[in-house]
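Written out below as structure tokens is the structure these notes cover.
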Amino acid sequence: MSELNSLPVQRSEPTPLERAAIVLLSMGEEPAAAVLRCLSRQELLEVTQVMSRISGIKVEAVKTSLQRFFDDYRDQSGVHGASRTYLKRSLDLALGANVADTVLDTIYGDAIRPKMARLQWASPKWLAERISHEHVRMQSVFLAFLPPELAGEVVLALPEHRREQVLLMMARIRDVDRELLIELDELVEQCLESLGLQSTSVAGARQVANILHRLPANRTRLLEHLRTQDAEALDEIERNMYDFLILSRQSEAVLIRVLDEVPMEEWAIALKGAEPSLRQAFLHAMPRRQAQSFEETMRRLGPVPRSRVEQARQDIMKRVRALRDAGEIELQIFAEAVVE
């Protein structure tokens, strides 16, 4: 409290978010941590950002914030929530055991969502690994309770052959029986206990590819040395080096050969949102009528989902690498200075 009193003065009336931050700062670390665990990811970020930069709060503003907190508490906390045991006994008497179990499953199914929301701090890949050994129904229920954006990223991190099974099973979920809900709760607890042990993803191969792009010389020799040491790692580096944008630095002869390899419809998709230099390079390599037809095809397509564009680009680069491996084209991987 003395710290708040010593800060420079700004304004007399804190915002609601600042009032929340003042209360949390005033209650001490452990009680504040218990409150923060109950917040959503967005709420936690907002209030902790304010807590980190709050300044200029008068003692009077602190007193007002705390007083309003306790006023709200008295207004809203006259009756405490019933425990599950209390509800179980009451509902058994009122409805019978079978109906009571159904009602409790609904209530406590909703209660698990705040616990699941804490998993939004985990990486999708880590969560996918954590549920990879579970049966499909458990995976589907787990994903059904996650926030939608995170659930989508976890699905993408699952093995490709499993994604359709999981999504189909999830679409069929209407309710979750008590036994499965207990299993889910145990799985979530295991994930939360291990949350601090998750690894951090580092795109090492992409970083190496970016470094090689910037090396002034001896790149070919370095790549050959890497190949002798670890061919698999080099393959991953090369996949990152063969970015779609490298097509913009190829000769006209290479572009013409690549154009012949891929249908125009696929090019129209792949070049959506591409760098102007890349689009111009391809248009310049096409005969005039073909270029006009190509631009008309792109206009006719309209907006295209980003995932579809990325897939088209990956498919094209596979064919480009195949042409290179077959010796039909010679690719310029790195942007190099030229002289005349």
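The values are calculated or read from the model by the stated rules, or taken from the named source; none is laboratory data. Keep in mind that what you see is a predicted model, and the values were worked out from it rather than measured. A quick note on method: Cβ atoms are made from the backbone with ideal geometry, for glycine too, and the neighbour counts reach across all protein chains shown.
When residue 315 is tested against the conditions (1) more than 25 Å from residue 156 (Cα to Cα); (2) touching a residue at least 24 places away in the same chain (Cβ under 8 Å), the lone failure is (1). Can you confirm whether residue 328 is of a type in the set (D, E, K, R), within 25 Å of residue 156 (Cβ to Cβ) and surrounded by 12 or more Cβ atoms within 10 Å (Cβ to Cβ)? It is false that residue 328 is of a type in the set (D, E, K, R), within 25 Å of residue 156 (Cβ to Cβ) and surrounded by 12 or more Cβ atoms within 10 Å (Cβ to Cβ). When region 28-44 is examined, which residues are found to be within 21 Å of residue 61 (Cα to Cα) and surrounded by 15 or more Cβ atoms within 10 Å (Cβ to Cβ)? Listed by number, the list holds a single entry, 32. Listed by position, the helices (runs of 4 or more DSSP H) enclosed by region 21-77 that each have at least 3 residues that are within 25 Å of residue 120 (Cβ to Cβ) and at pLDDT below 85 are 29-36, 41-53. Count of region 267-310 residues, restricted to those that are polar (S, T, N, Q) and farther than 23 Å from residue 252 by Cβ, is 1. Please verify whether region 244-265 includes one or more residues that are of a type in the set (D, E, K, R), farther than 14 Å from residue 311 by Cα and at pLDDT below 85. Checking region 244-265: at least one residue is of a type in the set (D, E, K, R), farther than 14 Å from residue 311 by Cα and at pLDDT below 85. For beta carbons closer than 6 Å, sequence separation of 6+ or different chains, a first residue in region 114-140 that is closer than 17 Å to residue 156 by Cβ and a second that is assigned to a helix (DSSP H, G or I) and small (Gly, Ala, Ser), the qualifying pairs are 124/157; 125/157; 128/157. Close contacts from region 37-62, counting a first residue that is free of Cβ contacts under 8 Å to residues at least 12 places away in the same chain and a second that is loosely packed, with under 14 Cβ neighbours inside 10 Å and among the charged types (D, E, K, R), with Cβ to Cβ under 9 Å and a gap of 6+ residues or different chains, come to 44/37.
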